[in-house]
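Encoded as structure tokens, the structure appears first; notes follow it.
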């Protein structure tokens, strides 16, 4: 009975409606079953609205826990992060040497995952507090460079399966001409290894590739009128799809975990896959091919209508709406 209950709590979300918070046993309750997916890239999702954290390995949810995030005036910032540093025993150099067991750093300015008290509501100075036993288990399966997404609504990952798209009729306009000074840049030697993050801003009409908080590529994208609505994030899983890639036609499609960061709102009419298939969104082919060849499980892709900015503290590419 307990195993069946754990399976029901850990089952992947079906994507049909906004899921409620999981029925954990109190604010410090958690479930943990790594045997459901023994290997693959790890993705951690923290929901500020639910005050819960979810752990996925290769697209399967293997754990969930109550959390306590930043209180008023110290709100935990939403966004897509990589784990920058890990320490089993860590003490805050900002808040009176406070203990932060199983610390996993998300920013150099003080946001991290760590074990701490969970009163059932946001109470931290921006960090994400976890139950001690859960923090130890999570620490054991994550690595520096792993991805963590912080969202401000109830949302759950779902598998994005490759889908064929026919060119849409009634296009609202041809893509604009590219300017002469918009040649793509590609410098993977600036950070030769590690998980990548790709951010495509339809507002800035740019795609930026970051590895280990270092920019390694940038290109302009061509767009017809209209742009993405909201922000969507995807994580690359292991294995290929059954159809050709929409971006690099002579390569197979890949398997992505879809994080609808604004689930619960009406589905947006703007779909990036349909936009690419119809030719209304174009990424320079040579640049797309170079990025494709560097993709590894765990790569994160964010598509947003927010403008891009560079964090002054680390150079990390962030959304200007993050409030950093």
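Would you please give the FRET efficiency between residue 88 and residue 185, computed as 1/(1 + (r/R0)^6) with r the Cβ-Cβ distance and R0 = 35 Å, to the nearest 0.05? So, using R0 = 35 Å, E works out to roughly 0.35. The protection proxy used here, the mean number of other Cβ atoms lying within 10 Å of each residue, ranks peptides 292-302, 198-208, 53-63 as follows, highest first: 53-63, 198-208, 292-302.
The numbers here are math on the coordinates, done by the rules we state, and not lab data. Quantities reported herein were computed from a predicted structural model and do not represent experimental measurements. Note: ideal-geometry Cβ built from the backbone for every residue, glycine included; neighbour counts use all protein chains shown.
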